Amino acid sequence: MDFRYIGQSGLRVSSICMGTMTFGSVTNKEEAFKVMDMAYDRGINFYDTAELYPVPPKKSYLGLTEEWVGEWLKTKPRDSVILATKVAGAAAGWFVPPNRHGLTAIDSFHIKKAVEGSLKRLDTDYIDLYQMHWPDPIVPIEESLKAFDQLVQEGKVRYIGTSNDTAYGLTKANETSKNKGLARFESIQNNFSLLNPRFHDELANVCRRENISCLPYSPIGGGVLSGKYGNDFMPDDARFAAYIKNPNPRIQAQAKRFVNDKTIEATKRYVQLSKEYGISPVTLAVAYSKHFDFVASTIIGCRSASQLEESFAAFDFNIDDELMSKIQKIQNDILYPMG
C-alpha cells in the first residue's frame, strides 16, 4: 500500500480514499457496509463523507450516510481509520443545501452546529479531517478559520481542509492562517480528472509551494470515463440519466457538464488508450488522478462493491512518461471537456 501525508499534517493516508456519497440513496446499507469492508481489507484507511450526504441532497435523508459510516466504524479500531467529513457550504454559494433549513453559512454558529451533529451521527469523539464543503462568499474567511481553529483546540477535530475552492480562495485562507496564527487548510478537495484537468492551471502551483494536498473527487468523471455513456445515450440506471430529468436546473446543468459531446469524445480516446495498455478505463482514470506529487489521496466512489476492483487496480499501475504524453495529447486536442 502506498501511503502519503496530507499537507503538513500527521494524517498518513492510503493513496485511494473511499468516498461514501451514494450511501443511503442509490446504495443500500448492506452494500455500503460491504463496500467499506472491502476497501478496509484492501488496505484503504481513509474514508470521506459529509453532513450533506447522500446525494442528490434531500431533506428526508440528510445525515444518513454519516450514521451508516459511524455504525460501520464501530466494527474497526477507531485509530485505524482516518475519517473525513464536511460542513455544508454556504447557502449564498453555488446552491442552497437543505441543512439547517437552507440557512447555512461558514460562520461560527453553523460550524459548531454542524460538527456537533456529525460527531453524534458518526458516534465518535473526534474527526480526523474536517472540511468546508464549499466557500462562503459573504462571511470573512478569518471568522471561518477562527471557528475551525477552536474545534482543533477543543480536540473535536485534528486537522481542517477546504473543498471546491479556487486558487485565490485557498491562498487567501492560507495567508490568513499564517498571519493570525490559526489552524490552516491542509487539503483541498476539488474535482480533478482526465476530463477536468483545470487543477493544473493554478491550484497545483499553490499546493506545491505551500505543501497543501489535493484530494481529487470524481476521478472517473462521475462514471463517464468508464465508457458507459455515448452520443445521445445514457444508461437508464446511470446517475446523470436521473440528473438530466431532475426539475432542479442546477442538477440538470451538472449533468450537462459531465455528459456532453466533448466529454464523450475524449472518453472514447481514453477507452482506446486503456485498451492499448491492457487495463480498464476506470483503472487509467484513477491512476491519473493519484499520479501527481500534489495529490495525497484520490476519492473513489461506487454504487456496489463489484465496481471496486477496477479502481483498486490503480494501486499497481503507474503512468510512465510515454503514457502521460499520450494523455496530454488528448487533453490538448480536446481542451477542458467539462468546461
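Evaluate the following for THR27: is it among the β-branched types (Val, Ile, Thr), surrounded by fewer than 18 Cβ atoms within 10 Å (Cβ to Cβ) and over 27 Å from PHE185 (Cβ atoms)?
When the stated conditions are applied, THR27 does not pass them.
Restricting to the stretch 53-98, give me the number of residues that are small (Gly, Ala, Ser), under 20 Å from the mean Cα position of the chain (by Cα) and at pLDDT 95 or above.
7
Of all residues being crowded, with 19+ Cβ neighbours inside 10 Å and hydrophobic (A, V, I, L, M, F, W, C) in the stretch 120-142, which is farthest from GLU186 (Cα to Cα)? Just the residue, please.
LEU122
Only one of (1) within 26 Å of MET338 (Cα to Cα); (2) assigned to a helix (DSSP H, G or I) fails for ASP149. Which number is that?
For ASP149, the exception is condition (1).
Residue pairs, Cβ under 9 Å, 6 or more apart or interchain, first in the stretch 113-140 and on the phi > 0 side of the Ramachandran plot, second acidic (Asp, Glu) and surrounded by fewer than 16 Cβ atoms within 10 Å (Cβ to Cβ). List them.
Cβ pairs passing all conditions: ASP123/GLU71.
For SER289, are the conditions met, namely being surrounded by 17 or more Cβ atoms within 10 Å (Cβ to Cβ) and not β-branched (Val, Ile, Thr)?
yes
If we keep just the residues of the stretch 226-268 that are of a type in the set (A, V, I, L, M) and either at pLDDT below 70 or in contact with a strand residue (DSSP E or B) (Cβ under 9 Å, 6 or more places away or on another chain) (or both), which is surrounded by the most Cβ atoms within 10 Å (Cβ to Cβ)?
Once the filter is applied, the top-ranked residue is ALA238.
Can you tell me which residue is nearest to VAL55 (Cα to Cα) among those in the stretch 296-307 that are touching a residue at least 40 places away in the same chain (Cβ under 8 Å) and surrounded by fewer than 21 Cβ atoms within 10 Å (Cβ to Cβ)?
Across the stretch 296-307, the extreme among qualifying residues is ARG303.
State all residues of the stretch 42-77 that are acidic (Asp, Glu), crowded, with 24+ Cβ neighbours inside 10 Å and within 12 Å of ASP123 (Cβ to Cβ); if no residue qualifies, say none.
GLU66
If you take the residues in the stretch 144-193 that are over 25 Å from THR49 (Cβ atoms) and charged (D, E, K, R), which one is farthest from the chain's Cα centre (by Cα)?
It comes out as LYS180.
Are any residues in the stretch 71-103 touching a helix residue (DSSP H, G or I) at 6+ places or on another chain (Cβ under 9 Å), under 30 Å from ILE44 (Cβ atoms) and among the β-branched types (Val, Ile, Thr), and if so, which ones?
Answer for the stretch 71-103, where residues must be touching a helix residue (DSSP H, G or I) at 6+ places or on another chain (Cβ under 9 Å), under 30 Å from ILE44 (Cβ atoms) and among the β-branched types (Val, Ile, Thr): THR75, VAL81, THR85, VAL87.
Tell me, which helices (runs of 4 or more DSSP H) lie completely within the stretch 269-339 with 2 or more residues that are within 22 Å of the chain's Cα centre (by Cα) and at pLDDT 95 or above?
281-289, 308-312
The values are calculated or read from the model by the stated rules, or taken from the named source; none is laboratory data. If you're wondering where the values come from, they're calculated on a predicted model, not measured in any experiment. Virtual Cβ from ideal backbone geometry, glycine too; neighbours counted across all protein chains shown.
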